[in-house]
Amino acid sequence: MKLIARDIPPRSVWTLEQAGIHPLLARLFAARGVRHPDELDDSLARLQPPEHMRGATEAAQLLADALQAGRRICIVADYDCDGATACATALRGLRLLGAPLGGAAVDYLVPDRVTDGYGLTPAIAERVQARGADVLVTVDNGIASVDGVAHARALGLQVLVTDHHLPAVIDGQVRLPQDCVIVNPNQPGCPFESKAIAGVGVMFYVLLALRAELRARGVFTAQTQPRIDTLLPLVALGTVADVVKLDPHNRRLVAQGLKRIRSGQMPPGMAALFQVAGRQPLLASSFDLGFALGPRLNAAGRLRDMTLGIECLSTDDAQRAAELAQQLDAINRERKTLEGDMREQAMQLAEALWDEADSPPPALCLFDPDFHEGVIGIVAARLKDKLYRPTFVFAASQAPGKAHELKGSGRSIPGFHLRDALDLMAKRHPGVLLRFGGHAAAAGCTIAEEHLDTFDQAFQQIAAEWLDDATLQRRLETDGALDPQYRRVDLIDTLHQQVWGQGFAPPVFCEEVEIVSQRLVGQKHLQLKVRHGGDVVDGIWFGHAEPLPSRVKLAFRLDADEWQGQRRVRFLVEGAEW
């Protein structure tokens with residue numbers, strides 16, 4: 001591992017400090033590209049207006065007409081956390097805004113990961129019509145569902161697509177669904193500045209536009225309109241869990257959501273998820289959203305039915321929410337067991353490839369008939385993190401009549417754009433990829449089992465062409481040395497209150513320290529005592545069993561460990577160099 005110090009522009013640090021920002025935070029923010037205090041203003045007034053998002057005004061008009069006419073609206077969701085929070089946001093928001101109107105019924109449908117696949121398909125459009133719906137609204141999907149939208153329109157449904165993914169590109173041309181309203185900042189011609197907004201954020205903006213439209217129609221006044229900001233805890237959860245880039249706009253959404261969570265203002269289902277996860281809403285952080293609540297919701301979409309997650313987030317019955325949260329927690333425990341077994345099996349396959357080759361392969365492609373397609377993405381991510389190679393993991397399709405197909409999920413490293421790699425593979429080997437999609441860091445595809453070897457060889461070839469030794473060396477960006485005066489529990493709490501995540505990484509400090517003592521705990525974690533600034537500080541390196549030399553350059557995060565009622569600073573080791 002190569003530890004790389006982030007560049008810290010001194011002028012930016014000075015500007016931030018002059019605005020009253022703590023010197024440590026000023027340094028961390030400047031290293032992440034913050035140049036002016038305005039970028040840290042998380043007030044609602046700083047959010048971009050909904051009319052900047054192309055299609056939002058038309059969407060508001062369509063929904064306002066539907067609400068006032070008492071039409072039936074059906075939301076077609078996705079089966080991940082972003083899709084679940086977007087659906088719950090739509091349900092809650094439309095019910096808030098539609099309550100005084102024509103009594104429109106709002107329903108939803110979640111495609112099954114196995115039998116339906118991703119997005120709005122013609123079969124799903126028929127199921128929506130069979131429910132008696134007049135208006136079909138997609139959340140977190142639909143931009144690439146050209147055939148599904150066309151079929152829905154042929155069935156007489158009005159269609160509103162709300163999505164944040166990239167549209168389909170066929171023969172070099174962007175292809176959008178036709179004869180429908182589209183709200184997506186990544187569609188051509190959309191001036192909305194934040195292209196990284198999650199699907200739940202897009203739906204939130206549609207609701208803001210809808211409220212403005214209803215004000216213009218005289219349904220509400222500025223004094224009587226419903227509080228849409230009550231939905232921000234859901235927006236924050238979906239944004240963090242979908243691992244979208246936390247640009248200034250997304251950080252504002254997450255910060256606003258966390259403020260409400262910390263004050264107890266959240267749906268009963270979110271409170272119940274905090275409870276089963278053993279987390280305190282009063283101290284909620286983006287880490288809780290991404291690693292405690294998000295996985296419990298995602299587990300339902302992976303192993304069961306995301307209806308459980310959406311019901312948990314949309315119910316106002318606290319007892320019902322608690323029951324559903326318990327179910328989600330149990331499913332997540334099952335997911336962890338399944339994932340652990342699969343990860344161990346996949347690691348054995350990967351190590352066998354490592355041993356067979358003269359040098360480590362530039363990419364990994366793994367398949368076993370016993371793999372479960374619901375967790376192949378997690379396993380691919382774990383292997384990518386462990387071995388630092390672009391990784392695809394395949395499982396046999398469980399869909400009826402698709403036994404000959406394999407579903408693949410891939411995760412990549414910086415410098416290797418996974419979707420572009422699949423696109424190149426499709427051009428070089430026509431017919432191998434039945435379906436594919438994704439982005440730079442994560443992608444998925446479907447292939448016939450007979451083409452697995454061809455996929456493997458093509459994937460390896462592209463990786464060999466695109467990657468070199470420097471790219472394949474793991475790099476960890478750090479924030480330099482930690483001044484001992486900042487090694488305090490109160491400052492750790494201040495750091496935890498900030499919004500960290502994808503594209504705005506949590507602080508990792510790095511410096512040479514003396515290892516005072518070290519021992520293995522739990523057979524796979526290295527517990528340390530290190531001398532830092534003349535003081536001995538506890539540390540732990542989870543998942544690392546090899547001993548360290550007496551002096552070593554450590555990369556570490558700050559944590560507050562509680563023991564016998566006392567909170568102490570602890571270093572969470574991320575890497576080492578010696």
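Only the coordinates and a few stated rules stand behind these numbers; no lab work does. Only a predicted model underlies this, so the values are computations on that prediction, with no experimental measurement involved. Please note: Cβ atoms are built from the backbone with ideal geometry, for glycine as well, and neighbour counts cover all protein chains shown.
Remark: the GLU450-ASP341 segment gains 36.7 nm on full extension, using 0.36 nm per residue and subtracting the alpha carbon distance.
Across segment 330-346, coupling constants 3J(HN,Hα) worked out from phi with the 6.51/-1.76/1.60 Karplus curve, θ = phi - 60°, read 5, 5, 5, 5, 4, 4, 4, 5, 4, 4, x, 5, 5, 5, 5, 5, 5 Hz, and Gly and Pro carry x. Taking one equal scatterer on every alpha-carbon of the chain, how large is log10 of I(q)/I(0) by Debye at q = 0.06, 0.12 1/Å? The computed values of log10 I(q)/I(0) come out as -0.32, -1.33. Spin-label model, HIS429 to ASP483: label points 7 Å out along the Cα-to-beta-carbon direction sit 5.5 nm apart. When the chain is described by a simple charge dipole with +1 on each Lys and Arg Cβ and -1 on each Asp and Glu Cβ, the residue from GLY438, GLN129, HIS36 located farthest towards its positive end is HIS36.
Hey, which of these cross-link pairs are over 25 Å Cα-Cα: LYS386/LYS427; LYS336/LYS407; LYS384/LYS524; LYS336/LYS402; LYS386/LYS553; LYS524/LYS553?
LYS386/LYS427; LYS336/LYS402
Only helical DSSP H runs with n ≥ 4 go in: add -39500 (n - 2.57) per run for the chain, normalise by residue count and round the 222 nm mean residue ellipticity to 500 deg cm²/dmol. Present the calculation step by step, with values, prior to reporting the outcome.
Working: 17 runs with 224 residues, N = 578.
-12500 deg cm²/dmol, from helical runs alone.
Among HIS532, HIS525, the ranking by other beta carbons within 10 Å of each residue's beta carbon, starting with the fewest, stands as HIS525, HIS532.
With +1 on each Lys and Arg Cβ and -1 on each Asp and Glu Cβ, how big is the dipole of segment 475-577 about its Cα centre, in debye rounded to the nearest 20?
Details: 13 positive and 16 negative charges, 57 e Å.
So the magnitude is around 280 debye.
What does the C-alpha gyration tensor say about the overall shape of segment 475-577? Classify as rounded when a/c is under 1.5, otherwise prolate if a/b is larger than b/c, or oblate. The partial results should precede the final answer.
Working: a/c = 1.41, a/b = 1.22, b/c = 1.16.
Rounded is the answer for segment 475-577, as its axis ratio a/c remains below 1.5.
Averaging the Cα positions of each part gives two centres, and for segment 254-279 and segment 84-156 these lie 27 Å apart.
Which ordering of TYR205, TYR486 is given by a fewest-first count of other beta-carbon atoms within 10 Å? Mind dumping the intermediate values first?
Working: TYR205 29, TYR486 18.
If I rank by nearby Cβ atoms, fewest first, I get TYR486, TYR205.
Dipole of the chain, Cα-centred, from +1 at each Lys and Arg C-beta and -1 at each Asp and Glu C-beta, to the nearest 20 debye?
Details: 62 positive and 72 negative charges, 299 e Å.
The dipole magnitude comes to about 1440 debye.
When +1 charges are put on Lys and Arg Cβ atoms and -1 charges on Asp and Glu Cβ atoms, the dipole computed for segment 357-466 relative to its Cα centre reaches about 380 debye. Counted by neighbouring Cβ atoms within 10 Å, the residues PHE192, PHE287 run from fewest to most as PHE287, PHE192. In this simple spin-label approximation, HIS404 and LEU572 carry label points 7 Å from Cα along the Cα→Cβ vector, and these lie 4.8 nm apart.
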